[in-house]
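The structure under discussion appears below in the form of structure tokens.
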Amino acid sequence: MKIKPIRMHGIFAIDKPSGISSSRCISDLQHIFTNSAIFQDDLNEMKDNAIKNLSTDKSWSKERINKKVSKIKIKIGHGGTLDPLASGVLVVGLGSGTKRLQHYLGECNKVYETKALLGISTTTGDSEGEILTRNQVDHITADTVKQSVQRFIGDIKQTPPIFSALKMNGKPLYDYAREGKPLPFPIKTRDVKVPNIFIHPDHLLSREHGFEPIKSQLDDNGEPKENALFNNPTLNDSPLYFSSQYLQKCEDEGLPKTVGPPRLTKEPQDRLPMVHLTCDVSSGTYIRSLISDIGRAMESSAYMVELIRVEQSEWKLGKNTFKFEDFHQPESVWAPVLKRVLEEGDKVNVSELMDAAVAAESIALDPDTEESQRKRPITEVE
């Protein structure tokens with residue numbers, strides 16, 4: 001089927017797989033689109049405009065102009081980075097649609113589904129980092145989790161924990177923790193909103209899951225590195241902020257506004273309890289920091305092992321988002337669906353249309369199917 005060339009301007013969304021960076025996804029899509037038939041009219045227009053503009057400058061030779069023009073690619077960008085570990089909604093802008101990405105970078109709500117293990121803090125707040133501390137977990141009950149989560153619903157100040165990879169005076173924050181040195185100045189906070197956190201009850205404190213606890217890194221003497229951090233006060237230099245709504249409740253009901261410090265231990269556990277949360281948050285919220293803070297609010301610690309962005313503004317996973325691998329299908333499969341999304345926006349049920357397009361392509365490629373034979377000329381079937 002011949003596909004009518006489309007204007008390459010607009011917004012759509014993909015499901016970024018875990019294990020690759022957001023920039024890698026965008027780079028791959030740019031390569032696919034630049035070499036696809038449906039974008040050639042727009043690409044040729046870009047090249048023609050570039051030739052006209054460069055030709056007015058006498059310092060540009062024809063050979064130099066042609067070389068530059070040959071490197072022109074589809075203009076593309078995304079509306080908010082997802083860590084390589086994370087998967088889920090990645091909003092993509094094409095052409096002039098990239099100008100609309102600012103909304104997704106700073107003005108919209110996002111919903112994340114995340115899983116975390118309790119009892120360990122890491123240098124990055126997730127399973128990609130090294131262990132900083134081990135903490136007790138036996139005192140944590142379902143009510144402990146529920147009460148701790150409630151402390152963060154509403155308007156909060158969020159500060160990257162001491163084991164963030166952020167730097168002060170050119171030095172990573174977690175290096176100060178390792179060396180037991182005070183921070184040169186307080187970590188800058190940001191104001192964020194957390195309208196809701198849902199606790200999935202079926203996984204609450206379960207130890208029956210597929211996540212192995214992160215292993216200790218050993219120092220030159222063969223000792224776990226986290227042992228050097230035992231009772232290190234610098235780890236608590238970062239204040240723990242609860243929501244203004246929770247603090248007001250404490251004021252009204254005479255409840256304590258603070259919790260005790262994390263209960264440290266040196267004893268590793270074979271299986272750690274897990275919490276499974278869905279968090280509705282504003283732009284700029286660090287989910288790893290939120291998880292870390294929830295762990296600290298339980299007088300323990302936590303690190304993230306899985307993160308899925310299930311919604312970003314109007315784009316919802318499994319409804320109006322493409323799978324990344326959809327664009328590795330033949331162009332005749334994904335192009336009509338993309339054309340419709342660029343024209344109609346988020347109301348298009350991408351998952352439904354892509355399933356139908358893939359099924360139709362499979363039938364067309366298999367000459368022995370009954371459906372395929374019905375569509376073939378009688379002389380060919382005979």
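Laboratory data are not the source of any read-out in this text; all were calculated from the coordinates shown. Predicted, not measured: the structure shown is a model, and the values here were computed from it. Here the Cβ positions follow ideal geometry from the backbone for every residue, glycine too, while neighbour counts run over all protein chains shown.
In what sequence do LYS73, LYS58 fall when counting other Cβ within 10 Å, fewest first?
Working: LYS73 14, LYS58 6.
Taking fewest neighbouring Cβ atoms as first place, the list is LYS58, LYS73.
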Handout entry: Candidate lysines for bridging to LYS323, where Cα separation is under 24 Å - those fewer than 8 sequence places away on the same chain excluded
Key = LYS2, LYS4, LYS16, LYS73, LYS75, LYS99, LYS110, LYS115, LYS339, LYS347
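Note down the relative contact order for the chain as a percent, whole number, built from C-alpha pairs under 8 angstrom at least six residues apart. Write out the running numbers ahead of the final one.
On the way: 706 pairs, mean separation 95.6, N = 382.
Answer for the chain is 25 percent.
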Problem - Gaussian network model of the chain, Cα within-10 Å springs - most flexible of THR56, THR159, THR124 - result: THR56
Practice task
Just grab the label-to-label distance for SER244 and HIS209, each label 7 Å out from Cα along the Cβ direction, in nm (one decimal).
Solution key: 3.3 nm
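Sum -39500 (n - 2.57) across every DSSP H segment of at least 4 residues in the chain, then divide by the residue count to get the 222 nm mean residue ellipticity, nearest 500. All intermediate terms of the calculation are to be shown ahead of the outcome.
Working: 12 runs with 120 residues, N = 382.
Helix contribution divided over all residues of the chain: -9000 deg cm²/dmol.
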Exercise for the section: For the chain, with a Gaussian network of springs between Cα atoms less than 10 Å apart, report the residue from PHE198, PHE242, PHE12 with the top mean-square fluctuation. Expected result: PHE198
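If Lys and Arg each add +1 and Asp and Glu each add -1, what is the summed charge of the other residues whose beta carbon sits under 9 Å from the beta carbon of PRO17? List each step's numbers first, then the result.
Numbers: positive: LYS16, LYS323; negative: ASP15, GLU325.
Counting the neighbours of PRO17, the net charge comes to 0.
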Handout entry: Likely footprinting exposure, MET274, MET354, fewest C-beta neighbours within 10 Å first
Key = MET354, MET274
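Taking the Cβ of THR124 as the centre, find all other residues whose Cβ is under 10 Å away and add up their charges (Lys, Arg: +1; Asp, Glu: -1).
Details: positive: ARG288; negative: ASP83, ASP126, GLU128, GLU130.
Counting the neighbours of THR124, the net charge comes to -3.
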Problem - THR258/LYS47 FRET efficiency (R0 45 Å; Cβ-Cβ; nearest 0.05) - result: 0.10
Problem - Surrounding net charge for HIS200, when Lys and Arg each add one and Asp and Glu each subtract one, Cβ distance under 11 Å - result: -1
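Among GLU113, GLU107, what is the fewest-to-most ranking by other Cβ atoms within 10 Å? Please list the in-between numbers first.
Numbers: GLU113 20, GLU107 10.
Lowest count first: GLU107, GLU113.
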Practice task
Any lysines with Cα under 17 Å of the LYS58 Cα? List them, leaving off those in the same chain fewer than 8 positions away.
Solution key: LYS67, LYS68
Practice task
Taking only Cα atoms and a 10 Å spring cutoff, compute GNM fluctuations for the chain and point out the largest among PRO224, PRO256, PRO195.
Solution key: PRO256
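Would you please give the FRET efficiency between ALA228 and LYS73, computed as 1/(1 + (r/R0)^6) with r the Cβ-Cβ distance and R0 = 45 Å, to the nearest 0.05? Write out the running numbers ahead of the final one.
On the way: r = 49 Å, r/R0 = 1.09.
The calculated FRET efficiency here is 0.40.
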Exercise for the section: Evaluate the distance, in nm, between pseudo-label points positioned 7 Å from the Cα of SER23 and of ARG271 along their respective Cα→Cβ axes. Expected result: 4.1 nm
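May I ask you to compute the full-extension gain from ARG100 to VAL358, defined as 0.36 nm times their residue separation minus their alpha-carbon distance, rounded to one decimal in nm? Before the final figure, lay out the partial values.
Working: separation 258, 0.36 × 258 = 92.88 nm, distance 3.01 nm.
Length difference between fully extended and current span is 89.9 nm.
When DSSP beta bridges are limited to those with both residues in region 109-312, what percentage is antiparallel, rounded to the nearest 5?
On the way: 36 of 37 bridges.
Close to 95 percent.
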